[in-house]
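Asks: Here it is, the structure in full.
Derivation of every value follows stated rules applied to the coordinates shown; laboratory data play no part. Keep in mind that what you see is a predicted model, and the values were worked out from it rather than measured. With ideal geometry, Cβ positions are generated from the backbone for all residues, glycine too; neighbour counts draw on all protein chains shown.
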Amino acid sequence: MVLVSGRGTNLQAILDAQNAGTIQSRVALVISNKEATPALKRAETFSVPTKVITSKNRNPRDFFLELQDTVRAAKPDLIVLAGFMKILPPDFVKTFRSRIINIHPALLPNFPGLDAQAQAIAAGAKKTGCTVHIVDEGCDTGPVILQKTLDVLPNETRDHLTERLLPLEHQALIEAIQLIEQGKM
Ligand code: GRF
């Protein structure tokens, strides 16, 4: 199962890997907390079931309860947060402990939270990268599965860095899923 909020290039990487047989896992359901996202379109192209559980103008407690019920009913082996822009509440994490992974565009523990690429540039980092980690109760704090590193170019903009990081993220996410499938995580 994959949870998304927007563009969905990481979801696309998973769907492509599924199609190519690079991973054995099958995406059973894509849940988006926003309507009409490109990510939903990508899932539909692969005939993967989708569900929108809107978080907009909604009591967060109600949103997360509906999300939790939907996820529980689908009985996923793995829940991938692929650009899902919500912090899961502790109860949710506890229910699916060790079965939720997240892709983050920085070398955690550096630059957790929003806009990690801009944080890296503002800090003058010479290297950054991406991290796939198991989700715990904190924000981007769970155990690291794997990381990939990239040199930050002189005078690089946030957008340029973001663009260069994406292929690395896609590769990292697929490798992390492979490690999980092989029982190495
Ligand atoms: C990625 O940079 C990911 O690391 C972060 O959100 C972004 C999602 O991109 N968590 P996409 O929707 O997968 O294209």
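Asks: Could you grab me the full set of residues in segment 25-42 that are under 18 Å from D77 (Cβ atoms) and buried (at least 16 other Cβ atoms within 10 Å of the Cβ)?
Replies: Across segment 25-42, the qualifying residues are S25, V27, L29, V30, I31.
Asks: If we keep just the residues of segment 1-14 that are surrounded by 20 or more Cβ atoms within 10 Å (Cβ to Cβ) and not small (G, A, S), which is farthest from the ligand (Cβ to nearest atom)? Break it down stepwise before answering.
Replies: Kept after step one, since they are surrounded by 20 or more Cβ atoms within 10 Å (Cβ to Cβ), are these residues of segment 1-14: 1-4, 8, 10-11, 13-14.
Filter again for not small (G, A, S), leaving 1-4, 10-11, 14.
Numbers: M1: 15, V2: 9, L3: 11, V4: 6, N10: 3, L11: 6, I14: 9 Å.
Once the filter is applied, the top-ranked residue is M1.
Asks: Do we have any residue at all in segment 112-132 that's in contact with a Gly (Cβ under 8 Å, 6 or more places away or on another chain) and in contact (Cβ under 8 Å) with a residue 40 or more places away in the chain?
Replies: No, there is no match, as no residue in segment 112-132 is in contact with a Gly (Cβ under 8 Å, 6 or more places away or on another chain) and in contact (Cβ under 8 Å) with a residue 40 or more places away in the chain.
So that you can scan it fast, the table gives a plain yes or no per residue for (1) under 18 Å from E169 (Cβ atoms); (2) assigned to a loop (DSSP other than H, G, I, E, B):
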site	(1), (2)
L11	yes, no
D16	yes, no
S25	yes, yes
E35	no, yes
S47	no, yes
F64	no, no
T70	no, no
P76	no, yes
V80	yes, no
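Asks: Restricting to segment 49-67, count the residues that are more than 12 Å from K34 (Cα to Cα) and buried (at least 17 other Cβ atoms within 10 Å of the Cβ).
Replies: 2
Asks: On the basis of being more than 14 Å from the ligand (Cβ to nearest atom), among the hydrophobic types (A, V, I, L, M, F, W, C) and either surrounded by 15 or more Cβ atoms within 10 Å (Cβ to Cβ) or within 25 Å of T141 (Cβ to Cβ) (or both), does F96 make the cut?
Replies: Criteria met by F96.
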